[in-house]
Amino acid sequence: MKKILFLGITLLLSITLAACGAGNDNNDNNNNAGNEPNTSENANDNNGNTKTDKDTNTNDNNTKTDGNNDVDLTSASLTMVDAISAFQEKFPDAKVSSIQLEEEKGELVYDIDGYDDSKEYSAEINQSGEIVAEEEEQKDANDRYEELVLADYITAEEALSTASEAPEADGITPRSWSLEFENDSPVYEVNFEDSGSEEVDVYIDAVSGEQLHVEVDD
């Protein structure tokens, strides 16, 4: 009788333990199953972030490309004379030694250099006639300074027109010009350049208005 009772108790304990084990397995499976959607959501979130970042970078690149618009000299609204007036208003005693019109950050800007008895000056002037940058320093005793006399020269517009007639510059956009002394003579240098084209520099005598020579950079 005791042996039968003992066997019965043992069998009952075995069944109970088996049931508990199955319950734990089910709970583990349920917990694992519950975690799987979170993993999927995280993956989706990561994918979404990656796409957003990629799209943002792509948009930034497109913006930079779109913002890189070509600017040519014909769009200048401020004349050389007005730019020099703004320069001399800032530096009343300065004599102009060189002047250049070129594109900077999508806008045409005049770069003007000048000097007086003790100092040399430089300024950048935008198309509104505002000085956006300036600098002054002591003159170098070893440097030679020569004053531009605009009344004796052809205008920048005339120099640009003559330079555009050079066969080497045909169909190419003018990008910048400068007026300064070369070998004791005032000379206009007009630069032509387009994407995929050769770079051409045409030199014009500022006094006679004649073309001096042409340089082509392959």
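Each value in this text was obtained by applying a stated rule to the coordinates, not by laboratory testing. On a predicted model such as this, the values are computed, not experimentally measured, just so you know. Here the Cβ positions follow ideal geometry from the backbone for every residue, glycine too, while neighbour counts run over all protein chains shown.
In the range 73-217, a dipole from Cβ-located charges (positive for Lys and Arg, negative for Asp and Glu) runs towards its positive end, and of 196, 77, 172 it is 77 whose Cα lies farthest in that direction. If R0 is taken as 22 Å, the Cβ-Cβ distance between residue 199 and residue 147 corresponds to a FRET efficiency of 0.15. Zone of residue 135 (label point 7 Å along Cα→Cβ, backbone N under 20 Å): which residues in the range 152-191? Residues 177-181 qualify, since their backbone N sits under 20 Å from the label point.
With a Förster radius of 35 Å applied to the C-beta separation of residue 128 and residue 218, the computed FRET efficiency comes to 0.40.
Each 10 Å bin, from zero up to the one with the longest distance, holds this percent of the alpha carbon pairs of the range 73-217: 12, 40, 35, 12, 1. Backbone N atoms of the range 128-144 closer than 13 Å to the 7 Å Cα→Cβ label point of residue 118 belong to residues 137-139.
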